[in-house]
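Trainee: Below you will find the structure I want to go over with you.
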Amino acid sequence: MTNRDFEYEVAFSFAAQDEAIATQLNDLISDRLQTFIYSERQKEIAGRDGQEAFSEVYAVKARLVVVLYRATWGQTPWTRVEMDAIKNRSLNDGWDFTVFIPTEAKPSVPPWLPKTRLWVGLERWGAEGAAAVIEARATECGADIREETIKERAARHERKEALRQKQRQFVNSDVGVNAARGAYASVKAANPARTMSVRPRWHNAKTARRHRHAQPLHSLTFPGLRACKSGPDFRRDVCRARGGGCGFGRECDAMTLNVFDQNALYHAHLHACFAAVREGFPHLAVGEIVEPPHDWFDAALARQVAMHLMVTEFKWPKRRVVETENRSREAINRALRMVDARLGSLRFAAHYRTMALRARALITLQTTAEEEVA
């Protein structure tokens, strides 16, 4: 397979529900690999027999085929054509030309796929981790990865920022809020024992008025994530390890934070980062991450990851981190460089992505506190 010439390095096959995921993955690799995704290649196959055109892409023209799998894939007319082409090709090429990525909450793969065939967990790896796996598999199959130009990289970051802007607008819209409430209701109905309330439990009306702008620090257990370990006891451990004075006051025990208080917001993000890193390094105690013992390289790395999350994920200025953590600028810069270098490893990058997602999951927006007060 590596000696053949292919028109496309990567072709995506997916059901209509997964077009957004396919587009995101395609955008992450299309600047370095020639890709095929139907929504962007319609003009190339327009006017031809659809069944023949699709069969050629997945059976002959694509070096690597990425299948975003859900139960309905292979049951619709067009995905059935793609599935048949992939299965027929496997008779000659085996299954090395495929990458399966389950997209449903409970991951599954086709029953006819060999049991020994590995698949990529999208929930664990995230879109960027999955894109890195796709790129690595394409390289193994003989694809030539070309370097991005500065212009292409700038365009990719511009598209990424535009997508984030749309996501922020959706989250802050009435449609987004209603969707979040519906999703929470579904999670709570499916597993009420592991789902905590998304509303703070105010003691009385006076306390409610005083905290009307407060929001819970970590009030929801998300599907696919382990049970939260950053409750009041954990935060008190962090406070003790850092010498006390976390900035929360009583709010540290009440699991609330005032979003207009930058000091409290900083420490909320810091607690979330330490909690996520603690789950990523389960053999370490909280104090060993906050203040790594001498020559404990794993503890030092864990703290460096926490600082990296603060700067890159939560966008805190390095100067603020230097001042609050009482560290030298060189120490913070060294931590950032160290983690950036380690992110070159796909396995570490995937583990880092899990911790980043966990840290963000621990900071959940409380949208109904003011309505409750009213």
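Trainee: Can you tell which of R153, R181 is in the same structural domain as T35 (by TED's automatic domain parsing), modelled with pLDDT of 70 or more and surrounded by 12 or more Cβ atoms within 10 Å (Cβ to Cβ)?
Mentor: Of R153, R181, the one residue that is in the same structural domain as T35 (by TED's automatic domain parsing), modelled with pLDDT of 70 or more and surrounded by 12 or more Cβ atoms within 10 Å (Cβ to Cβ) is R153.
Trainee: Right, something else. Filter the range 125-149 for residues that are assigned to a helix (DSSP H, G or I) and over 19 Å from T23 (Cα atoms) and give the result.
Mentor: Taking the range 125-149 as the starting set, the residues that turn out to be assigned to a helix (DSSP H, G or I) are 125-140.
Listed by number, the residues that qualify are T139, E140.
Trainee: Of all residues in the range 318-352, which are outside any helix (DSSP H, G or I) and under 20 Å from the mean Cα position of the chain (by Cα)?
Mentor: L343, G344, S345
Trainee: Residues to consider are E313, E330, E288, E323; find the one that is farther than 20 Å from R360 by Cα, surrounded by 15 or more Cβ atoms within 10 Å (Cβ to Cβ) and acidic (D, E).
Mentor: Selected residue: E288, the only one of E313, E330, E288, E323 that is farther than 20 Å from R360 by Cα, surrounded by 15 or more Cβ atoms within 10 Å (Cβ to Cβ) and acidic (D, E).
Trainee: Here's something else I'd like to know. Which one is nearest to the chain's Cα centre (by Cα), of the residues in the range 134-157 that are within 11 Å of L28 (Cβ to Cβ) and not acidic (D, E)?
Mentor: I134
Trainee: What is the residue count in the range 353-367 for residues that are of a type outside the set (V, I, T) and assigned to a loop (DSSP other than H, G, I, E, B)?
Mentor: 3
Trainee: Output the qualifying pairs, or none if there are none: Cβ atoms under 8 angstrom, residues six or more apart or on different chains, first residue in the range 15-38 and of a type in the set (K, R), second residue surrounded by fewer than 19 Cβ atoms within 10 Å (Cβ to Cβ).
Mentor: R32/I145; R32/R146; R32/E147; R32/E148
The values are calculated or read from the model by the stated rules, or taken from the named source; none is laboratory data. Because the structure is a prediction, the values reported are computed rather than measured. Ideal geometry is used to build each Cβ from the backbone, glycine not excepted, and the neighbour counts take in all protein chains shown.
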